[in-house]
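As structure tokens, the structure follows; a few thoughts come after it.
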Amino acid sequence: LLKPTQSLEQLADIVEQGGTSQQDVERNAMQLRQSCSRLEHMISDLLLLIKAQKPILPTTDNRINVMDPAVVNSHREVAAQRNITIDMKGDESLEINGEVEQIQAALAKLVENAITYSKDGSTINVVAKANEEGTEAVISVLDRGAGIAIGEQSRIFERFYRGDNQNDHSDDGIGLGLAIVKHVALTHHGSASVWSSPGQGSTFALVLPLAGE
């Protein structure tokens with residue numbers, strides 16, 4: 001929250017003092033724009049977090065097909081910039097009850113994380129299937145990143161927590177993505193979990209009750 005304010009103050013000082021080059025003004029304006037973009041991203045995530053804590057009641061009007069490819073398709077271009085492939089497969093008959101915006105936001109956060117932490121040229125797998133009892137849909141996102149230390153895995157769903165596995169692509173992260181995933185899961189009477197091992201990547205699972213007949 002402080003970075004945009006600091007950038008604005010710095011730009012104001014330059015304008016106030018005068019005598020600076022147009023290049024200096026443009027450079028500081030660019031930094032300000034980047035900070036504002038980061039702030040907008042943070043506010044958007046905070047609003048999602050608030051919405052994700054409102055209870056969802058299952059009705060015939062809020063059924064969602066788990067295999068809707070919209071979220072994955074919207075991230076293919078970003079992934080392709082690093083030669084990362086996203087492979088999606090699963091049971092196309094799976095349906096859940098839920099708020100479309102929240103479910104899409106949760107899945108988007110998992111896919112974005114997978115892209116951020118995967119190696120260039122790797123493959124991300126998105127798999128949807130029913131659990132053994134046939135009562136829940138399990139949406140798994142597997143990345144080929146550096147993995148998460150065991151000691152950090154219990155904390156990564158906390159708000160604003162960022163682990164030690166950061167890289168050049170995660171600089172703009174603020175630590176709210178997985179908190180949103182967790183709260184969306186809980187609001188929909190489901191759960192979120194992770195399996196990870198350093199050097200072997202991570203698998204995040206969003207588990208949601210299947211819609212009744």
Whole number in Å², please: accessible area per residue of region 56-156, 1.4 Å probe, ligands, DNA and RNA not counted. 51
Treating the beta-carbon of each Lys and Arg as +1 and of each Asp and Glu as -1, no other charges, what is the dipole magnitude of the chain about its Cα centre, to the nearest 20 debye? 240
Please calculate the 1.4 Å probe accessible area of K89, with all protein chains present, and give it to the nearest 10 Å². 120
Using a 1.4 Å probe, how large is the accessible area of T123, given in Å² and rounded to the nearest 10? 50
Rg and Dmax [Cα atoms of region 37-97; Å; Rg one decimal, Dmax integer]: 15.7, 41
To the nearest 10 square angstrom, what accessible area does L39 show with a 1.4 Å probe? 50
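Based on Cβ point charges of +1 for Lys and Arg and -1 for Asp and Glu, what charge dipole magnitude is obtained for region 69-170 about its Cα centre, in debye rounded to the nearest 20?
Values: 10 positive and 17 negative charges, 86 e Å.
Computed about the Cα centre, the dipole is about 420 debye.
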Taking amide H positions as placed in the peptide plane 1.01 Å from N, state which residues far from N125 in sequence (5 or more) or on other chains have amide H under 5 Å from it. D87, L142
Give the long-range amide H neighbours of A211: residues separated by 5 or more places, or on another chain, with amide H under 5 Å away, using H modelled in the peptide plane at 1.01 Å from N. E95, I96, N97
Below 20 Å Cα-Cα, how many Lys pairs turn up in the chain? Only count pairs eight or more apart in sequence, or on different chains, if you could. 10
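Determine the percent antiparallel among the DSSP beta bridges restricted to region 61-147, to the nearest 5.
Working: 10 of 16 bridges.
Counting only bridges with both partners in region 61-147, antiparallel ones make up about 60 percent.
If I take all pairs of Cα atoms in the chain, what percentage of them are more than 20 Å from each other?
Numbers: 14041 of 22578 pairs.
Percentage above 20 Å: 62.
The values are calculated or read from the model by the stated rules, or taken from the named source; none is laboratory data. These numbers come from a predicted model, not from an experiment. Every residue, glycine as well, gets a Cβ built from its backbone with ideal geometry; the counts of neighbours run over all protein chains shown. What goes into the accessible areas is simple: the full protein's heavy atoms, side chains included, and nothing from ligands, DNA or RNA. Shrake-Rupley method; radii C 1.70, N 1.55, O 1.52, S 1.80 Å.
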